[in-house]
Amino acid sequence: MGATFRKLRQSLQIDAKQTAPSSESVPWRIVGIIYAVIMGDALAGEMLSPFVADMCKTRFGMSEAETGTALGFLVGVYYIAQFVSSFLIGHLSDRVGRRIPLTMGQVASCVGTILFALSPSYAIALTIRAAVGLTNSNIAVARAAICDAAVGKARTLSLSYMGSLYALSRAVATAFSGFTVGAVVIANNPYLFPCLLGGGFIFVVIIATCLVFPETQSKEQRLANKNSSNKGLFAGLQYIISQPVLLKLFTLHCVHSFGNGSMLIGMTMYFSLPISMLGLSFTTRDLGIVFGVFGFAGFLFQLTIFRKILERNGAHGTYSRGLLVSMISTFAVPLTGVSSI
């Protein structure tokens, strides 16, 4: 059985030399697996959004005031851990190839997604989220794999679709989670069913990565990276700091990501608050619908209108206008509950 499995794996794998980009056609065999990995990453990162507030209150016994802080830590610790680990995992992927870090991150996401639903206490839930973040930098490694395998317009197209797919996957993950929480209660646990389904999807992608996904870096590339004089673990960060334009973009991205994360947490808390506390008293299913519409709207915007706006206003103008619209809409969200005062 083991020999048969090895032969099957060898027959499905492609040597990195054969996958080296030689034309501007999209290498769909590689990109397709990468997209599936991105979908799994969105599941692991976003599917808890509709039910985590309810989980904090009903399972962990927290008050409304405590839930806000707890929710912020549960969401934030995952991304902080990813920020810390991304340097190490990116450094590792340059030396051992892309497939091992991608597989490692998916295993962490699969196991962590299921274990989170089983968390008996808030401390354990927080630890699980931190552990998954520390071992998962799939988006960064996935981008690097696409850059390895595609060139020119094919690279641009693959990366742009990757961004759109991630937005869509976040919408699907939250909507899916909101609709399936409590649909099937396993061992008196309403959160386990969606997490099992999400973990099952990631498990299938793990198998596909192991069997079908070729290593996108050749042995020569990996050896050159190992022997490079630029061996520092934080060499990438040091390079960004040394380049004023890159440093500004990096700082702006960090601030923007912080704002986006805060906005999503604030929306979740506001929608979940009871009407007596000037919230909207949404159920987990209501939250799934809201975030699903939110994500689908963003996905459609990127596919239809975004390119025209970018061509007309340029990158700086598009970003500035986007920030303005985001700021106005964020301030407007609480006004939806004015009628309940």
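The values are calculated or read from the model by the stated rules, or taken from the named source; none is laboratory data. Quantities reported herein were computed from a predicted structural model and do not represent experimental measurements. Ideal geometry is used to build each Cβ from the backbone, glycine not excepted, and the neighbour counts take in all protein chains shown. Remember, those area values only see protein heavy atoms, side chains included, never the ligands or the DNA or RNA. Shrake-Rupley method; radii C 1.70, N 1.55, O 1.52, S 1.80 Å.
Within 26 Å of T69 (Cβ to Cβ), open to solvent by 50 Å² or more (accessible area, probe 1.4 Å) and either touching a Cys at 6+ places or on another chain (Cβ under 7 Å) or not polar (S, T, N, Q) (or both): which single residue out of L300, L278, L247, L287 fits that description?
L278
Run down F331, F294 and say which single residue is open to solvent by 80 Å² or more (accessible area, probe 1.4 Å) and within 19 Å of Y166 (Cα to Cα).
F294
Out of R307, R321, I need the residue that is over 24 Å from V75 (Cα atoms), of a type outside the set (S, T, Y) and free of Cβ contacts under 8 Å to residues at least 12 places away in the same chain. Which one?
Criteria check complete, one pass: R307.
For segment 165-176, does any single residue satisfy the condition of being of a type in the set (S, T, Y), in contact with a Pro (Cβ under 8 Å, 6 or more places away or on another chain) and touching a residue at least 40 places away in the same chain (Cβ under 8 Å)?
Yes, segment 165-176 has at least one match.
Which is in a helix (DSSP H, G or I), open to solvent by less than 40 Å² (accessible area, probe 1.4 Å), farther than 22 Å from A36 by Cα and touching a Leu at 6+ places or on another chain (Cβ under 9 Å), of I124, I128?
When all the criteria are applied, what remains is I128.
Go through segment 69-84 and count every residue that is crowded, with 18+ Cβ neighbours inside 10 Å and among the hydrophobic types (A, V, I, L, M, F, W, C).
So the answer is 6.
Condition check ((1) under 15 Å from I34 (Cβ atoms); (2) in contact with a Ser or Thr (Cβ under 9 Å, 6 or more places away or on another chain)) across all residues:
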site: S137; (1), (2): yes, yes
site: L159; (1), (2): yes, no
site: M162; (1), (2): yes, no
site: L165; (1), (2): yes, no
site: G182; (1), (2): no, yes
site: A187; (1), (2): no, no
site: P190; (1), (2): no, yes
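Of everything in segment 126-146 that's over 15 Å from the mean Cα position of the chain (by Cα) and not small (G, A, S), which residue is farthest from L92 (Cα to Cα)?
So, considering only residues that are over 15 Å from the mean Cα position of the chain (by Cα) and not small (G, A, S), the one farthest from L92 (Cα to Cα) is L126.
Can you find a residue in segment 85-92 that is outside any helix (DSSP H, G or I), out of contact with any Lys or Arg (no Cβ under 9 Å at 6 or more places or on another chain), modelled with pLDDT under 90 and open to solvent by less than 40 Å² (accessible area, probe 1.4 Å)?
no
Of all the residues that make up segment 47-68, how many are modelled with pLDDT under 85 and open to solvent by 40 Å² or more (accessible area, probe 1.4 Å)?
Selection size over segment 47-68: 2.
Check every one of the helices (runs of 4 or more DSSP H) wholly within segment 162-255 and list those with 1 or more residues that are modelled with pLDDT of 80 or more and among the hydrophobic types (A, V, I, L, M, F, W, C).
In segment 162-255, 192-211, 235-242 are the helices (runs of 4 or more DSSP H) which contain 1 or more residues that are modelled with pLDDT of 80 or more and among the hydrophobic types (A, V, I, L, M, F, W, C).
Please go through segment 99-111 and give me each residue that is within 18 Å of Y191 (Cα to Cα) and open to solvent by 10 Å² or more (accessible area, probe 1.4 Å), ordered by number.
C110, V111
Filtering segment 138-163 down to residues that are open to solvent by less than 10 Å² (accessible area, probe 1.4 Å) and small (G, A, S), which residue is nearest to T304 (Cα to Cα)?
Among those that are open to solvent by less than 10 Å² (accessible area, probe 1.4 Å) and small (G, A, S), it is S158.
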